[in-house]
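Okay, structure first, notes after.
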Amino acid sequence: MSNEALTMRGPVHGTKEAKRVAVGSGVGAVIETYDFIGFGTAAALYFGTAFFPGADPVTGTLASFATLGVGFAARPLGGIIGGHLGDKLGRKPVLVASLILMGLATFAIGLLPTYSQVGLLAPALLVLVRIIQGLAFGAEWGGAILMSYEHAPWRKKGQFTGIVQAGFPVGLLLANLVFLGSVGLGSEWAWRVPFLASIVLVAVGLIIRSKVPESPVFEDVKAKGDIVKSPIVEVIKTDWRNIVRGIGLRIAETAGYAVSVTYMISYLHTNQLADKTQTLVALCVAAGIGIFATYFWGKLTDKVGRRPVYIWSTAFAVVFGIPMFMLVNTGLFLLIIATIVIAYAVCQNSLAGAQGAWFPELFQAKTRSSGASLSYQISAMVSGFTPFITTLLFVSMGWMGPALLFSFYAAIGLWAALITRETWGKRERELAEEAASKTPQKVNA
């Protein structure tokens with residue numbers, strides 16, 4: 001790779017706003033995750049009763065998880081729209097618009113009538129707001145990551161995007177803390193309050209994001225007149241192989257999370273291995289550790305490359321599927337906590353930490369938003385319906401079905417990592433060091 005190619009990553013030493021941009025993007029990720037993932041917790045613990053009563057517990061859980069999956073199915077469309085606008089208009093407008101859309105949809109969930117109040121209209125409205133959530137979340141990631149990536153110093157792309165990716169476990173932690181605190185409010189308010197409370201986070205996020213400057217790489221592309229007429233069509237035509245590789249890389253992380261966290265919540269509760277409070281405590285512990293783990297993994301990729309982290313993590317996840325369920329099946333609370341921590345902080349966070357820098361580096365600057373967003377969000381369709389599929393597998397195969405599915409997803413990620421090029425290998429790191437030593441550092445990034 002030449003220095004010319006490296007310049008498409010932004011200024012050598014980053015911009016003076018690099019840290020502020022990373023934190024601002026991370027705060028937005030916190031809010032978006034709180035809203036989107038909070039739905040998964042509510043779906044596992046409450047929505048089966050509130051919106052699908054009259055069915056047996058398994059059927060109610062299936063219907064609830066199907067609604068959860070609808071939001072994931074909408075994410076690719078959100079990624080297409082957000083990616084297109086990010087490459088045409090800039091990264092910042094997409095960040096602000098997606099946050100507003102997500103905030104309004106999530107607040108609306110807290111106001112929805114239940115099945116006992118309006119009948120079939122209740123689940124229909126739930127599906128509608130979930131679709132809106134999916135569109136917003138699909139548009140969010142590409143803009144947030146690229147803003148941080150393109151402002152960051154060459155030698156610290158993994159570290160700075162790791163800050164953004166760490167926003168997701170922060171959002172997970174906040175969502176589950178609020179759900180934990182609302183357990184005593186009764187079956188209805190226990191799920192309404194977390195969604196209604198999100199409006200405060202949205203207001204704070206909008207204030208922060210409104211002050212974040214546009215990406216220097218996008219500004220450079222715009223100044224050179226290189227803005228593509230149809231970025232989505234262009235990236236599919238010229239870079240479809242990297243899109244496919246990215247989908248495979250992402251499936252291991254997002255679909256693996258759907259088994260080891262989203263489905264696991266329901267599994268522990270349904271099989272009386274842990275009550276709601278214990279389950280939420282375990283998730284909070286894992287999320288708290290995950291905040292630091294994600295940042296660490298992102299920073300590690302700056303030292304050893306993106307690919308090695310992915311290969312070793314997915315290889316570990318392949319062999320962890322069966323032991324993961326064997327450990328929680330003991331019913332011992334400490335083992336349940338330890339298992340969820342390993343599944344999240346190692347199997348999931350390591351991949352998320354590497355994706356922040358690896359995905360943008362797979363695509364050209366002029367189609368980067370579209371390419372990265374497509375790879376990231378198309379895989380979400382698989383993960384979105386994974387809890388539903390996993391529940392069916394459990395009915396037919398017992399816990400071995402979900403365990404093997406987790407390992408299968410990890411194997412897909414391992415295969416994708418093996419066939420995807422390293423974008424921050426020894427040669428790139430040496431060139432970056434050379435460029436940094438020759439370029440005056442005018443700003444403190």
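The values are calculated or read from the model by the stated rules, or taken from the named source; none is laboratory data. All of these numbers come straight from a predicted model, not from anything done at the bench. So basically every Cβ, Gly included, is an ideal-geometry build from the backbone, and we count neighbours across all protein chains shown. When the accessible area is computed, the model is the full protein with side chains, heavy atoms only, and any ligands, DNA or RNA have been set aside. Shrake-Rupley method; radii C 1.70, N 1.55, O 1.52, S 1.80 Å.
Side notes on the structure shown:
- Simple label model, 7 Å out from Cα along Cβ direction - Ile199 to Asn329, nm: 4.7
- Contour excess over end-to-end distance, with Cα ends at Ala436 and Val183 and 0.36 nm allotted per residue: 85.8 nm
- Estimated vicinal HN-Hα couplings, Hz - the range 365-376 in sequence order (Karplus 6.51, -1.76, 1.60; Gly, Pro = x): 4, 6, 10, 5, 5, 5, x, 5, 5, 4, 4, 5
- Cα shape, the range 382-421, gyration tensor, a/c 1.5 rule: oblate
- Computed from phi, the 3J(HN,Hα) profile of the range 335-347 under the Karplus parametrisation 6.51, -1.76, 1.60 (θ = phi - 60°) reads 5, 5, 4, 4, 5, 5, 4, 5, 4, 8, 6, 9, 5 Hz, with x in place of Gly and Pro.
- Judged by the ratio a/c of the largest to the smallest principal axis of the C-alpha gyration tensor, the range 123-200 counts as oblate, that ratio being 1.5 or greater while a/b is no larger than b/c.
- A Förster distance of 41 Å, applied to the separation of the beta-carbon atoms of Leu121 and Trp415, puts the FRET efficiency at 0.40.
- Annotation for the range 366-434 versus the range 153-219: alpha-carbon center distance of 23 Å.
- Flagged links, alpha-carbon separation over 30 Å, of Lys224/Lys438; Lys229/Lys303; Lys19/Lys237; Lys16/Lys222: Lys229/Lys303; Lys19/Lys237
- Whole-number percent relative contact order across the range 275-418, with pairs defined as alpha carbons under 8 Å at least 6 apart: 38
- Ordering of 205-212, 284-291, 118-125, 383-390 by packing [mean C-beta count within 10 Å, highest first]: 383-390, 284-291, 205-212, 118-125
- Ligands, DNA and RNA excluded, the heavy atoms of Ile419 present near 70 Å² of accessible surface to a 1.4 Å solvent probe.
- Think of it as helices only: each DSSP H run of n ≥ 4 in the chain is worth -39500 (n - 2.57), and spread over all residues that comes to -25500 deg cm²/dmol at 222 nm.
- Rounded to the nearest whole Hz, the Karplus-based 3J(HN,Hα) values (6.51 cos²θ - 1.76 cosθ + 1.60, θ = phi - 60°) of the range 306-321 follow the sequence 7, 5, x, 4, 5, 5, 5, 5, 5, 5, 5, 5, 4, 8, 8, x, with x at glycine and proline.
- The C-alpha atoms of the chain define a longest principal axis, and helix 276-304 lies at about 20 degrees to it.
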